[in-house]
Each structure stands twice: as structure tokens, then as C-alpha cells.
Amino acid sequence: MGFNLVFPTETNMVWLTPSPSITFKLQEWEKELKSHGIIISTSKNICRLVVHIQISQSNIEDLIKITEDFITKQKNQHSKL
């Protein structure tokens with residue numbers, strides 16, 4: 001999808017960095033997710049997702065779909081420049 005794991009996932013925390021194909025700032029992705037009620041933490045080149053016990057498979061699928069749509073939108077905007 002465009003992200004790489006920073007550390008092996010052994011807890012409910014997932015740390016990601018964008019792959020070189022990602023052309024947007026993580027803060028833009030954070031803002032998009034927040035508009036859908038999904039909260040993540042980002043810094044310049046790393047983001048943290050925390051999956052709590054009440055998070056369902058459907059919630060994860062929503063996160064993936066929103067992210068895929070966001071990446072597609074960003075690539076389309078970038079290609080028009």
C-alpha cells in the first residue's frame with residue numbers, strides 16, 4: 001500500500017514509515033483519517049497506530065479503504081501538476 005513496518009508488531013502498536021512512492025506528508029494522511037474518526041500519531045517520517053481491543057476487523061478494513069482512496073487521490077493530484 002505504500003508503508004513499511006518500522007518494528008516487528010508484537011503489541012497493539014504498529015509503527016509505519018512511508019515507502020519512497022509516497023509523495024504526501026504523513027500529517028496530510030493523519031488529517032484525512034481524523035476526518036473519518038480515526039486517530040493516529042505522526043511525526044516527520046513515522047506514524048503510530050494503536051489498535052485497542054474494541055477495534056474490529058471492519059474498523060481495520062475501513063482504515064485500509066480510506067488510506068487506499070487517499071493515496072489514489074494524492075497520486076491523481078500529483079500527476080496533474
Quotient of Cα radius of gyration and Kirkwood radius for segment 9-55, i.e. Rg/Rh, equals 0.98
Per the 1.4 Å probe, what fraction of the accessible area of the chain, in percent, lies on carbon and sulfur atoms? 55
Dipole of the chain (Lys/Arg Cβ +1, Asp/Glu Cβ -1, origin at the Cα centre): which of Pro8, Ser56, Leu26 lies farthest to the positive side? Leu26
Let me have the 222 nm mean residue ellipticity of the chain computed from DSSP H runs of 4+ only, each contributing -39500 (n - 2.57), with the sum over all residues rounded to the nearest 500. -13500 deg cm²/dmol
Filter the GluC sites (Glu not before Pro) in the chain to those in DSSP coil with at most 10 other Cβ atoms within 10 Å of their Cβ, and list the result. Glu10
Rounded to the nearest 20 Debye, what is the dipole magnitude of the chain about its Cα centre when Lys and Arg each give +1 and Asp and Glu each give -1 at the C-beta? 340
Based solely on C-alpha atoms, express the radius of gyration and the Dmax of the chain in angstrom. 12.8, 42
Exactly which trypsin sites (Lys or Arg not before Pro) in the chain are in a DSSP loop and have at most 10 other Cβ atoms within 10 Å? Lys44, Lys80
Please work out the average accessible area per residue across the chain, using the 1.4 Å probe convention, and give it in Å². 72
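The values are calculated or read from the model by the stated rules, or taken from the named source; none is laboratory data. Remember, it's a predicted structure, so these values are computed and weren't measured experimentally. Because the Cβ atoms are built from the backbone with ideal geometry, glycine has one as well, and the counts that use them run over all protein chains shown. Accessible surface areas use protein heavy atoms only, side chains included; no ligands, DNA or RNA. Shrake-Rupley method; radii C 1.70, N 1.55, O 1.52, S 1.80 Å.
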